[in-house]
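The values are calculated or read from the model by the stated rules, or taken from the named source; none is laboratory data. Every value quoted in this text rests on a predicted model; they were computed, and no experiment measured them. Here Cβ is always computed from backbone atoms with ideal geometry, including for glycine, and neighbour counts include all displayed protein chains.
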Amino acid sequence: MSSTLFRAPSGRFIRDIEDLRLGDVVRKKCDPSCICITGAPWDRSTAGRPGARYATTKLRDYLYSFNVHNDICVCDVGDIDIVPGDIAATSSRIYNAVEELLGVCRGFLLIGGDHSITKYSVSAVLDRRGPGGGLVVFDAHLDLRRLSEGLSSGTYLRELLEERGSGLKVVVVGIRRHSVPRYMLDLARRLGVTYIETENLDPREAVKTINDILSGAKWIYISFDSDSLDPHQCPGVNSPSPLGLAMRDVVVILDGISKAGKLVGCDIVEYVPFLDHGEVCGRNVAYIAYRMIYLMGS
């Protein structure tokens, strides 16, 4: 068959061989110079609107369409082989996968999935890199719930801090008071969690606050919950909340807190593709992922 008559599956329609995209340079094999990408398609801890399990594929489509302007080594090892319905087996696999990436890669990007995956990922970083790290979370919620029964991704941060929290500095950016129970604000203070609300937020002041808190941190991990963005910029999420962050504010904060050699890993969570009107949320969140990759690779 003639090769000139057929286009590769998912190939671009525009025939511009000098138009280099991230997807054109992504490798399958990783080495210590690479930023490694993997997915964790788990959303069974979601008490609200499920569907984040499908984000790992969709976000890659958007992410790999962005242009490349600087040399960077990026590899994609595929999705972690989660076990549907079995949180014990899945959490163990996420932990082991992140631990393996930490031994091979310069930094890693974990694409979720619901926010529960952050607990297992950060636990692996703590065991591999030791205490004394900093966790920066972009989120509308504090995720410090105390449940009487059942599962919720809204418990991950409390569990992480109560089980592993010694020596971990935590800042949550994007909190909306109208979406956070009163007891959580008090609990955050008792657990040593600093939170920055979106109302009257000045991104440069937020950077100063975060850098002051993270001063002396041996490593930094960033977790980005898609609902931290305002719903008009990201409608496709599990738990949308008004008065959210603007994309430009997120970029200013990300750029301001990135410190060479300290940013070891990042994750993107809670994006629900089938709730995303006009692909607005997916493209915005994918850009955040794109920015994270370059920050880790710089």
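Things worth noting here:
- In segment 221-243, the residues that are surrounded by 24 or more Cβ atoms within 10 Å (Cβ to Cβ) and either among the aliphatic types (A, V, I, L, M) or assigned to a loop (DSSP other than H, G, I, E, B) (or both): I222, L229, C234, G236, V237, N238
- Of the residues making up segment 63-100, those that are among the charged types (D, E, K, R) and within 27 Å of G130 (Cβ to Cβ) are R93, E99, E100.
A quick yes/no check of all residues on (1) at pLDDT below 95; (2) under 24 Å from I82 (Cα atoms):
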| residue | (1), (2) |
| --- | --- |
| V122 | no, yes |
| V125 | no, yes |
| D139 | no, no |
| R145 | yes, no |
| L157 | no, yes |
| E162 | yes, no |
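- Residues of segment 14-26 include at least one that is in contact (Cβ under 8 Å) with a residue 24 or more places away in the chain and in a strand (DSSP E or B).
- Boolean, G154 is in contact with a helix residue (DSSP H, G or I) (Cβ under 8 Å, 6 or more places away or on another chain) and either closer than 22 Å to N284 by Cα or of a type outside the set (F, W, Y) (or both): no
- The sole residue among R7, R49, R15, R21 that is of a type outside the set (A, V, I, L, M, F, W, C), surrounded by 14 or more Cβ atoms within 10 Å (Cβ to Cβ) and at pLDDT below 90 is R49.
- Residue within segment 193-204 that is acidic (D, E) and in a helix (DSSP H, G or I) present: no
- Single match in G278, G297, G256 (criterion: free of Cβ contacts under 8 Å to residues at least 12 places away in the same chain and over 15 Å from the mean Cα position of the chain (by Cα)): G278
- Taking each residue of segment 62-74 that is at positive phi and looking for partners that are part of a loop (DSSP other than H, G, I, E, B) with beta-carbon atoms closer than 8 Å, six or more apart or interchain, yields nothing.
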